[in-house]
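Everything on this sheet refers to the single structure shown next.
The values are calculated or read from the model by the stated rules, or taken from the named source; none is laboratory data. Computed from a predicted model, the values in this text were never measured in an experiment. In this analysis, Cβ positions are derived from the backbone assuming ideal geometry, glycine residues included, and neighbour counts consider all displayed protein chains. Note: accessible area is taken over every heavy atom of the protein model, side chains too, but ligands, DNA and RNA are not part of it. Shrake-Rupley method; radii C 1.70, N 1.55, O 1.52, S 1.80 Å.
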Amino acid sequence: MTVASTHRAILAVWRIEQPRLITGLARLLRDVPLAEDLTQEALIVALERWPETGIPERPGAWLMTTAKRRAFDQMRRRRMLDQKHELIVREMEEDEQTMPDFDTPLDDDIGDEMLRLIFTACHPLISREARVALALRMICGLTTEEIARAFLVSDATIAQRIVRAKKTLSESGLTYETPHGEELSQRLASVLEVVYLIFNEGYTAARGENWLRQQLCNEALRLGRVLISVAPMEPEAHALLALMELNASRTAARTDADGNPILLLEQNRARWDRLQIQRGLHALKRVQQLGGAGGVYALQAAIIACHARANTAPETDWRRIADLYTELADIVPSPVVKLNRAVAVGMADGPEAALAIIERLHDEPALKDYHLLPSVRGDLLHKLGRYEEARRAFEAAAALAENQRERDLLLRRAAEATGATGATGAEKE
């Protein structure tokens, strides 16, 4: 392998192993920021050594061992006399030859190491935006750019939030901890948001060559299933699980054999996972039993359920979907929600009605660089036969898209609009 290909392989391993490394080290060190620093140091060592020695058979174990040794050296250099640190060093030395058992539940209210660490990062002392950004970056391995895209803010803004959150975590003496009772409940909304954003990034990747990041979707689903055991009476926990299950049921139909995206209305619904749909609908029914049908995740799950219940695309209840988006917009006045509502209105009332909504969103600052705004506009213009305008809209969307698969799809749609323009011109002649 060349150095460049080895580096690509290392970074691929890194994306998989980083959350597990930070989780394991945070459990041993009781210090989340230090765990992240040591994990980063282990990556640097791998980038230096693996091009020469080759990638180890168990790269995750190699990285963990390297990070642990760095921790030993750091603690010994500081000659820590604190009894707590001495105990940690002894525990680590005893465990040096083995990987931590990430799958053994702890004797606490959470029972999952990754989720426990997310609850730690979502401490009330840290602002809501910062705690979510911190958890996504440090624990879940999302890049600053991916998180910024999720929040529709600049990379610099997210970077500042993460720095402030890490500083608060360090200076306040907050440790790797298990919140209980009311304290756990106070953090739950932020934890749900973290899991939701992990799933979203997996479902439609912000960057890179692949449209899907299946590992992130699977991890979010796993965390969601754990969460309903942690908070069995919280309707939004069940709602989030319903939303993820229903969306994930379409995975097999969302791409072709080459990994290219297939739009919702063009998907082969026979490939949708009916068992997963039933799980999602069951979770949504539980939400209703708990009286949470009007929650943010519950409304989104109800929207996806409209698609899941339709055997064919024309059977979709778009009027119901538009009404649900209107209800959601009253709770979350987000321009993205309004954009999604415009799509539903376009299907229910026609493209002209939807285009009027889209034009009002044109000056929304949060959507200035959001590729889906010109993408939706292009689709509506194409349906109205305004092919030249549609082509320009699709090209503008492609210029903003950072995922290669999505960019290619938008360029194909621009080419289709160009072909339609030519056909129309020939007919006129």
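A few comments on the model shown:
- Gyration tensor verdict on segment 257-307 (Cα atoms; rounded if a/c is under 1.5, prolate if a/b is larger than b/c, oblate otherwise): prolate
- Net lengthening on full extension, Phe72/Arg49 (0.36 nm per residue, minus Cα-Cα): 6.3 nm
- Among the lysines of the chain, pairs at least eight places apart or on separate chains and with Cα atoms under 28 Å apart come to 10.
- Zone of Ser127's modelled label, taken as backbone nitrogen in segment 312-338 under 20 Å from a point 7 Å along Cα→Cβ: 333-335
- Cα gyration tensor shape for segment 266-339, rounded if a/c is under 1.5, else prolate or oblate: oblate
- Its DSSP H runs of at least 4 residues, each contributing -39,500 (n - 2.57), put the calculated 222 nm mean residue ellipticity of the chain at -23000 deg cm²/dmol, to the nearest 500.
- Each residue of segment 294-410 gets 116 Å³ once the volume of the Cα convex hull is shared out per residue.
- Separation between Cα centres of segment 291-329 and segment 253-268, rounded to whole Å: 21
- In plain terms, the bigger the Kirkwood radius, the slower the diffusion; for segment 204-282, with that radius from Cα pairs, at 4 °C and 1.567 mPa s, Stokes-Einstein puts D at 96 µm²/s.
- For segment 345-351, putting each phi into the Karplus relation 6.51 cos²θ - 1.76 cosθ + 1.60 with θ = phi - 60° gives couplings of 4, x, 6, 7, 10, x, x Hz, in residue order, rounded to whole numbers and with x for Gly and Pro.
- Spin-label model distance (nm) - Leu275 vs Asp363, 7 Å beyond Cα toward Cβ: 5.3
- Per residue accessible area of the chain, 1.4 Å probe, in Å²: 48
- Nearest 10 degrees, 0 to 90: helix 214-230 Cα axis against the chain principal axis: 70
- Note on the chain: along the principal axes its Cα atoms extend 86, 56, 40 Å, ordered by decreasing extent.
- Remark on Thr255: its backbone amide H falls under 5 Å from those of Ile262, a criterion applied only to residues 5 or more positions apart or on other chains, H modelled at 1.01 Å from N.
- When the solvent-accessible area of the chain is split by element, carbon and sulfur atoms take up 50 percent of it, the probe being 1.4 Å.
- Listed residues Ala401, Ala248, Ala415, most fluctuating in the chain (Gaussian network, C-alpha, under 10 Å): Ala415
- Backbone HN-Hα couplings from phi across segment 399-407 [Karplus 6.51/-1.76/1.60, Hz, Gly and Pro as x]: 5, 8, 5, 9, 8, 4, 4, 5, 4
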